[in-house]
Amino acid sequence: MLPRETILYYSLLAIWAGSASVFFVVLLRVPAPYGRFSRAGWGRGIPNRAAWAVMESPAVVVVALLFIVGGNKSPECIVFFCLWMAHYLYRTTVFPLRLRSAGKMPVLTILSAATFQTINAYLQGRGLFTILPSRGSQWLAGGRFILGTCLFIAGLAIVLHSDNVLRSLRRPGESCYYIPRGGLFRWVSCPNYLGEMLEWAGWAILTWSLAGLAFAVWTAANLLPRAIAYHRWYRQQFPDYPPQRKAVLPWIL
């Protein structure tokens, strides 16, 4: 008989994975209200730097706690933990500090994102460090781990480069928008989102877990609609926008 928490864990995971399709349809119609899609009616806002730090921090705190209290400290779990932290320490510290936008993000958006991160962090951390059996250090030499890690690192590199390009478009204090160029911006409007999707597809493969797969699906459900909305916005705002660019997948979408 399965322990009660394991039953609850997989029940939550099934609901979580299934709900991604609902949010995908909603976000295709109504872009999340932050950044250039900020709009009135979503409540009071707080500065972007603080907003990003607050809404991403559960991914750091919850996974760190679950790693500490979890029973599995095998070599592959230590690597999983380090890869996860590499992304989210960047998101909670470096990325917010380097933002040049002086805008604000609605509190409702921040709370929604923080709730998402808390649930997702529980599913990732509890599954990997407690519920799933240890695979042993031989997992780190296997094809799935190597392929997934290569995708994860490639995705993170794309995210870092794209963030640097976008940051360099503005001088301190500016709030206007420019056409980004260079790197994967040659082919897509949102290589930062492409990088994120590659990262978490890699995570799903390198951990070979249902929670990792659910997160990869959620990432695509969240970022594909936003990339499409960004691409449409660029084309409306800039008559000279490069016609060969796609939204997020080179030559495809």
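The values are calculated or read from the model by the stated rules, or taken from the named source; none is laboratory data. The shown structure was predicted, so the numbers you read here are calculated from the model rather than taken from an experiment. Using ideal geometry, Cβ is built from the backbone for each residue, glycine included, and neighbour counts are taken over all protein chains shown.
Collect the residues in the range 91-113 that are part of a helix (DSSP H, G or I) and buried (at least 17 other Cβ atoms within 10 Å of the Cβ), keeping them in residue-number order.
At the first step, the residues of the range 91-113 found to be part of a helix (DSSP H, G or I) are 91-98, 107-113.
R91, T92, F95, P96, T109, I110, A113, listed by residue number.
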_Hey, A154 touching a helix residue (DSSP H, G or I) at 6+ places or on another chain (Cβ under 9 Å), modelled with pLDDT of 95 or more and either closer than 20 Å to L128 by Cα or outside any helix (DSSP H, G or I) (or both) or not_ = no
*Output the number of the condition that G71 fails; it satisfies all remaining conditions of (1) touching a residue at least 12 places away in the same chain (Cβ under 8 Å); (2) under 22 Å from A53 (Cα atoms).*
(2)
*Taking A227 as the residue in question, decide whether it is within 21 Å of V30 (Cα to Cα) and either at pLDDT below 95 or not hydroxyl-bearing (S, T, Y) (or both).*
yes
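For the range 214-224, indicate whether the set of residues that are in a helix (DSSP H, G or I), under 24 Å from E76 (Cβ atoms) and over 12 Å from the mean Cα position of the chain (by Cα) is non-empty.
Here is the first cut: in the range 214-224, the residues in a helix (DSSP H, G or I) are 214-224.
With the extra rule that they be under 24 Å from E76 (Cβ atoms), the set shrinks to 214-219.
Remaining after also requiring over 12 Å from the mean Cα position of the chain (by Cα): 214.
Checked against the condition, which is being in a helix (DSSP H, G or I), under 24 Å from E76 (Cβ atoms) and over 12 Å from the mean Cα position of the chain (by Cα), the range 214-224 yields at least one hit.
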*Take the range 225-250 and flag every residue that is assigned to a helix (DSSP H, G or I) and not β-branched (V, I, T).*
P225, R226, A227, A229, Y230, H231, R232, W233, Y234, R235, Q236, Q237
_Conditions (1) of a type in the set (A, V, I, L, M); (2) touching a helix residue (DSSP H, G or I) at 6+ places or on another chain (Cβ under 6 Å); (3) more than 19 Å from A154 (Cβ to Cβ): number failed by L223_ = (3)
*Of L166, L194, L206, which residue is at pLDDT below 95 and not β-branched (V, I, T)?*
L166
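Got at least one residue in the range 62-84 being of a type in the set (F, W, Y) and either in a loop (DSSP other than H, G, I, E, B) or surrounded by fewer than 18 Cβ atoms within 10 Å (Cβ to Cβ) (or both)? Steps first, answer last, please.
In the first step, residues of the range 62-84 are kept if they are of a type in the set (F, W, Y); the result is 67, 80-81, 84.
With either in a loop (DSSP other than H, G, I, E, B) or surrounded by fewer than 18 Cβ atoms within 10 Å (Cβ to Cβ) (or both) added as a condition, the list becomes none.
Among the residues of the range 62-84, not one is of a type in the set (F, W, Y) and either in a loop (DSSP other than H, G, I, E, B) or surrounded by fewer than 18 Cβ atoms within 10 Å (Cβ to Cβ) (or both), which makes the answer no.
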*Just a yes or no: is a residue in the range 190-203 surrounded by 17 or more Cβ atoms within 10 Å (Cβ to Cβ), closer than 16 Å to M85 by Cα and either in contact (Cβ under 8 Å) with a residue 60 or more places away in the chain or touching a strand residue (DSSP E or B) at 6+ places or on another chain (Cβ under 8 Å) (or both)?*
yes
